[in-house]
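Visitor: My questions all concern the structure below.
The values are calculated or read from the model by the stated rules, or taken from the named source; none is laboratory data. Predicted, not measured: the structure shown is a model, and the values here were computed from it. Virtual Cβ from ideal backbone geometry, glycine too; neighbours counted across all protein chains shown.
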Amino acid sequence: MQKLKVGDTVQVISGKERSEKTPASKRGKVLKIDREADRVTVEGLRTVKRHLRKTAQSPEGGIVDKPGTIALSNVQVVCTKCDKPTRVGIKAEGDAKKRFCKNCDALID
């Protein structure tokens, strides 16, 4: 079972996007996960500028902001109950596996 899924709220814990002053400001939802490259795309974080030439799809061209990727090891899942970044554990309840917060034992799924 995966410990990080698309749609989870994550917080940046290290790297260029980490904020020392306001720790809760660098949070966002996971849009895409690239398991082969160990990278994750987070909504609103690590935006990069891309230059587009004029084509039929984009007749104006110009400079576009796109979401970039962050290393998978630099983000942690935010628990909904304790509202803190946490490590994720897996419990087997019957036939189903559930993810839980290691700090407060609340279920994430």
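Here is a yes/no grid of residues against (1) at pLDDT below 90; (2) touching a helix residue (DSSP H, G or I) at 6+ places or on another chain (Cβ under 8 Å); (3) over 30 Å from Glu93 (Cβ atoms):
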{"residue": "Thr9", "(1), (2), (3)": "no, no, no"}
{"residue": "Ser14", "(1), (2), (3)": "yes, yes, yes"}
{"residue": "Pro23", "(1), (2), (3)": "yes, no, yes"}
{"residue": "Lys26", "(1), (2), (3)": "yes, no, yes"}
{"residue": "Leu31", "(1), (2), (3)": "no, no, no"}
{"residue": "Arg39", "(1), (2), (3)": "no, yes, yes"}
{"residue": "Gly44", "(1), (2), (3)": "yes, no, yes"}
{"residue": "His51", "(1), (2), (3)": "no, no, yes"}
{"residue": "Thr69", "(1), (2), (3)": "no, no, yes"}
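Visitor: Name every residue in region 71-109 that is of a type outside the set (Gly, Ala, Ser), assigned to a strand (DSSP E or B) and either closer than 23 Å to Arg18 by Cβ or touching a helix residue (DSSP H, G or I) at 6+ places or on another chain (Cβ under 6 Å) (or both), in order of residue number.
Guide: Once the filter is applied, which keeps residues that are of a type outside the set (Gly, Ala, Ser), assigned to a strand (DSSP E or B) and either closer than 23 Å to Arg18 by Cβ or touching a helix residue (DSSP H, G or I) at 6+ places or on another chain (Cβ under 6 Å) (or both), region 71-109 yields Val75, Gln76, Val77, Val78, Pro85, Thr86, Val88, Cys101.
Visitor: What single numbered condition from (1) farther than 17 Å from Lys3 by Cβ; (2) touching a strand residue (DSSP E or B) at 6+ places or on another chain (Cβ under 9 Å); (3) surrounded by fewer than 11 Cβ atoms within 10 Å (Cβ to Cβ) fails to hold for Val64?
Guide: The one condition Val64 does not meet is (3).
Visitor: Turning to a different aspect of this structure: Any chance you could count how many residues in region 92-104 are under 19 Å from Gln2 (Cβ atoms) and either among the hydrophobic types (A, V, I, L, M, F, W, C) or free of Cβ contacts under 8 Å to residues at least 12 places away in the same chain (or both)?
Guide: 7
Visitor: Taking into account only those residues within region 67-91 that are more than 16 Å from the chain's Cα centre (by Cα) and free of Cβ contacts under 8 Å to residues at least 24 places away in the same chain, which is surrounded by the most Cβ atoms within 10 Å (Cβ to Cβ)?
Guide: The selected residue is Gly89.
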